[in-house]
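Worksheet for the structure shown next.
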Amino acid sequence: MTESLPHPHKSSETEKLLRKIEWRLIPFLVICYCASYLDRVNLSFAARDMTHDLGFSPEVYGWGAGIFFLGYALLEPPSNYMLHLLGARVWIARIMLSWGLVSGVMAFTWSETSFFVLRFLLGAAEAGFMPGIILYLTYWIPAQQRARLLAAFLFAVPLATVIGAPVSSAIIEMTEGLMGFRGWQWLFICEAAPPILLGIAAFFFLTDRPHQAHWLEHCEITQLQRLLSAEQQEGHQVSFFNALINWPAITLGFAYFGIVLALYGLTMWLPQMIESYGVSQRYAGFLTATPFAVGAAAMFVWSRHSDWRQERHWHTIFASILALAGLLGAAFSTTLPLSLLFLCMAASGIFSVLPPFWAHSSAAFSSNMAPVAIALVNAIGNLAGFAGPYLVGFIKQAGGSYATALIALAFGPFLCALLMLLIKSRQATAVES
């Protein structure tokens with residue numbers, strides 16, 4: 001795996017073209033990813049009332065929160081392969097319609113079994129969306145400008161919580177008892193509508209490849225194809241199954257596993273962590289949004305710096321260390337303000353990892369390998385989406401505190417930093433030899 005470091009000469013025409021592509025694709029994709037992320041984490045806002053009504057223990061909740069990612073990871077590589085074959089327009093629309101319908105059915109969960117099955121099916125329905133979009137952007141954006149554009153897309157992760165936390169809390173309170181349903185049930189119903197509508201829109205709005213873009217001039221299409229072909233890596237055809245045993249992708253997958261462990265372990269339990277200080281549900285919704293808002297700002301600045309320096313490894317490593325320090329600091333905090341301060345630090349590190357990590361990962365594989373390799377990285381990483389929430393639930397069920405859980409989650413960013421350092425060291429050794 002190599003990473004291109006020299007600064008490119010950026011003509012005004014190239015910048016104008018890339019801005020045109022950015023404004024055409026990114027806003028719509030951000031809205032779609034907001035809907036995706038909110039539908040997978042809205043369970044955290046429903047958790048208090050839902051677990052009380054259905055008699056779920058912390059471990060059952062943690063298992064259900066995490067089992068989403070087993071279905072997600074299992075079908076991720078084949079889903080990305082299908083997107084590569086059929087095109088983003090059809091496949092992204094299919095994904096969004098599927099998960100919207102399953103998310104709505106979550107309102108009628110009645111038992112532990114139905115809870116586990118529906119969460120698994122939700123993950124299976126959404127499989128391939130996030131890595132599919134990352135693959136899709138490689139068809140449009142040159143590698144050297146990719147961190148900034150990926151940051152714009154990944155901005156949806158903290159944005160979904162910044163907006164979704166207070167909105168979700170308000171939906172639960174305002175709809176309580178409406179037509180005989182609980183507020184948490186209305187939350188799933190209301191937040192299932194956006195992905196269904198956006199899925200229909202995606203079929204008509206997205207363009208599979210640059211040569212099909214009616215919104216670009218012919219000269220712009222030619223220019224973009226020249227930019228992308230200049231960095232195209234030549235390689236022999238790679239089979240689907242050979243791509244699944246690609247060791248660089250597996251190593252990157254476990255590095256991503258580390259940061260996802262912290263991301264979802266924190267996201268799925270943060271509202272309850274804050275409520276443990278005696279905060280009301282609505283106020284907890286606003287406080288939950290605070291670390292994500294700070295993390296979004298940090299991610300924006302760090303991705304720009306990564307593009308400016310044309311460096312990915314150290315930006316990923318330093319952000320992981322910041323996340324590690326924030327989680328440990330929050331674990332040993334005894335007051336809500338101090339805990340929030342360290343949680344903001346942790347969120348800043350977690351979200352700042354994402355753009356340089358994916359800028360590196362999306363450029364690390366040949367065009368033949370990329371569809372499955374990128375999905376494999378994301379699939380391995382998202383297994384931590386199961387491990388993180390379940391780990392916190394297991395610790396709570398065993399009588400441990402949230403402080404103990406935060407210390408356990410801190411292992412994730414440590415693993416990410418360690419593996420990225422190993423990858424950097426191996427690349428340096430390969431260059432010297």
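The values are calculated or read from the model by the stated rules, or taken from the named source; none is laboratory data. A quick note: this is a predicted structure, and the numbers were derived from the prediction, not measured. Positions of Cβ are backbone-derived with ideal geometry, glycine not excepted, and every protein chain shown enters the neighbour counts.
Mind listing just one residue for me: the one in region 159-181 that is within 14 Å of Leu43 (Cβ to Cβ) and not small (Gly, Ala, Ser) and, of those, nearest to the chain's Cα centre (by Cα)? So that I can check it myself, show each step before the final result.
Of the residues in region 159-181, the ones within 14 Å of Leu43 (Cβ to Cβ) are 160-161, 164-165, 168-169, 171-172.
Okay, now just the ones that are also not small (Gly, Ala, Ser), so 161, 171-172.
Values: Thr161: 12, Ile171: 24, Ile172: 25 Å.
The qualifying residue nearest to the chain's Cα centre (by Cα) is Thr161.
Please find, among Ser425, Ser339, Ser352, Ser361, the residue that is hydroxyl-bearing (Ser, Thr, Tyr) and surrounded by fewer than 21 Cβ atoms within 10 Å (Cβ to Cβ).
Just a single option satisfies the conditions, and that option is Ser425.
What number of residues within region 213-232 satisfy the criterion of being exposed (fewer than 13 other Cβ atoms within 10 Å of the Cβ), modelled with pLDDT under 85 and not in a helix (DSSP H, G or I)?
Of the residues in that region, 1 qualify.
Sort out which residues of region 61-117 are within 18 Å of Val372 (Cα to Cα), among the aromatic types (Phe, Trp, Tyr) and surrounded by fewer than 21 Cβ atoms within 10 Å (Cβ to Cβ), and write them in order of number.
Of everything in region 61-117, just one residue is within 18 Å of Val372 (Cα to Cα), among the aromatic types (Phe, Trp, Tyr) and surrounded by fewer than 21 Cβ atoms within 10 Å (Cβ to Cβ), namely Tyr81.
Only one of these is over 18 Å from Pro195 (Cα atoms), of a type in the set (A, V, I, L, M, F, W, C), modelled with pLDDT of 85 or more and under 18 Å from the mean Cα position of the chain (by Cα): Ile67, Ile31. Name it.
Ile67
In region 135-145, what residues are surrounded by 23 or more Cβ atoms within 10 Å (Cβ to Cβ) and β-branched (Val, Ile, Thr)?
Residue satisfying the conditions is Ile141 alone.
Just a yes or no: is a residue in region 48-55 at pLDDT 85 or above, of a type in the set (Lys, Arg) and surrounded by fewer than 18 Cβ atoms within 10 Å (Cβ to Cβ)?
No, region 48-55 contains no residue that is at pLDDT 85 or above, of a type in the set (Lys, Arg) and surrounded by fewer than 18 Cβ atoms within 10 Å (Cβ to Cβ).
Between Ser348, Ser361, which is polar (S, T, N, Q), within 22 Å of the chain's Cα centre (by Cα) and under 28 Å from Tyr81 (Cα atoms)?
Among Ser348, Ser361, only Ser361 is polar (S, T, N, Q), within 22 Å of the chain's Cα centre (by Cα) and under 28 Å from Tyr81 (Cα atoms).
What do you reckon, is Val372 aliphatic (A, V, I, L, M), at pLDDT 85 or above, surrounded by 22 or more Cβ atoms within 10 Å (Cβ to Cβ) and not in a loop (DSSP other than H, G, I, E, B)?
For Val372, the condition - aliphatic (A, V, I, L, M), at pLDDT 85 or above, surrounded by 22 or more Cβ atoms within 10 Å (Cβ to Cβ) and not in a loop (DSSP other than H, G, I, E, B) - is not met.
Restricting to region 12-28, name every residue that is surrounded by fewer than 18 Cβ atoms within 10 Å (Cβ to Cβ) and farther than 23 Å from Leu197 by Cα.
Once the filter is applied, which keeps residues that are surrounded by fewer than 18 Cβ atoms within 10 Å (Cβ to Cβ) and farther than 23 Å from Leu197 by Cα, region 12-28 yields Ser12, Glu13, Thr14, Glu15, Lys16, Arg19, Lys20.
Keeping to region 296-352, report how many residues are outside any helix (DSSP H, G or I) and either among the aliphatic types (A, V, I, L, M) or farther than 19 Å from Gly265 by Cβ (or both).
Qualifying residue count for the region: 5.
Residues that are more than 16 Å from the chain's Cα centre (by Cα) and within 14 Å of Glu76 (Cα to Cα): does region 99-109 have at least one?
No, region 99-109 contains no residue that is more than 16 Å from the chain's Cα centre (by Cα) and within 14 Å of Glu76 (Cα to Cα).
From (1) buried (at least 24 other Cβ atoms within 10 Å of the Cβ); (2) at positive phi, pick out the condition that doesn't hold for Thr161.
In the conditions (1) buried (at least 24 other Cβ atoms within 10 Å of the Cβ); (2) at positive phi, Thr161 misses (2) alone.
Conditions: (1) touching a Leu at 6+ places or on another chain (Cβ under 6 Å); (2) of a type outside the set (Gly, Ala, Ser); (3) without any contact (Cβ under 8 Å) to a residue 40 or more places away in the chain. Trp308 meets all but one. Number of the miss?
(1)
Name the single residue that is nearest to the chain's Cα centre (by Cα) among those in region 191-202 being in a helix (DSSP H, G or I), crowded, with 17+ Cβ neighbours inside 10 Å and not small (Gly, Ala, Ser).
Pro195
Tell me which residues, restricted to region 325-336, are modelled with pLDDT of 95 or more and surrounded by fewer than 23 Cβ atoms within 10 Å (Cβ to Cβ).
Once the filter is applied, which keeps residues that are modelled with pLDDT of 95 or more and surrounded by fewer than 23 Cβ atoms within 10 Å (Cβ to Cβ), region 325-336 yields Ala325, Leu328, Gly329.
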